[in-house]
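J.: Input: one structure, supplied below.
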Amino acid sequence: MSDSKMTMEVPTQVRDFGVKSVDKAERAISSSMESASKSVAMAPSLMNDAAQQTLAITEKNLNDTRTDSQTRCYDTTLCLS
């Protein structure tokens, strides 16, 4: 095989199932992040700053990962890398 990247067609039903699963996972993560943010708001101020910074970094990493995955894998071929 001379191609450095192996590709194959993904049936529409399988792709739709995958997209729905990812959407559900993203909603679950968003809900968890919202709950964590509300919890941080109720914490004492000393812990609040560190928790807010941690949540901000986590949210940025999740958003960066989501954007990178969508760029690579929402193609007409299966992302195998």
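The values are calculated or read from the model by the stated rules, or taken from the named source; none is laboratory data. Please read all numbers here as calculations on a predicted model, not as lab measurements. Glycine gets a Cβ as well: all are built from the backbone with ideal geometry, and neighbour counts include every protein chain shown.
J.: Across segment 31-59, which residue is nearest to the chain's Cα centre (by Cα) among those that are loosely packed, with under 11 Cβ neighbours inside 10 Å and modelled with pLDDT under 80?
T.: Applying the filter and picking the extreme gives Ala41.
J.: Let me ask you something else. Out of Leu78, Leu62, which single residue is modelled with pLDDT under 70, within 20 Å of the chain's Cα centre (by Cα), of a type in the set (A, V, I, L, M, F, W, C) and surrounded by 10 or more Cβ atoms within 10 Å (Cβ to Cβ)?
T.: From the options Leu78, Leu62, the qualifying one is Leu78.
J.: What are the residues in segment 1-30 that are of a type in the set (Asp, Glu) and either in contact with a Leu (Cβ under 7 Å, 6 or more places away or on another chain) or modelled with pLDDT of 80 or more (or both), if any?
T.: Of the residues in segment 1-30, the ones of a type in the set (Asp, Glu) are 3, 9, 16, 23, 26.
Of everything in segment 1-30, those that are of a type in the set (Asp, Glu) and either in contact with a Leu (Cβ under 7 Å, 6 or more places away or on another chain) or modelled with pLDDT of 80 or more (or both) turn out to be Glu9, Asp16, Asp23, Glu26.
J.: Oh, and also: I want to confirm something. Restricting to segment 3-18 and keeping residues that are free of Cβ contacts under 8 Å to residues at least 12 places away in the same chain and surrounded by 10 or more Cβ atoms within 10 Å (Cβ to Cβ), which single residue is nearest to Arg66 (Cα to Cα)?
T.: Gly18
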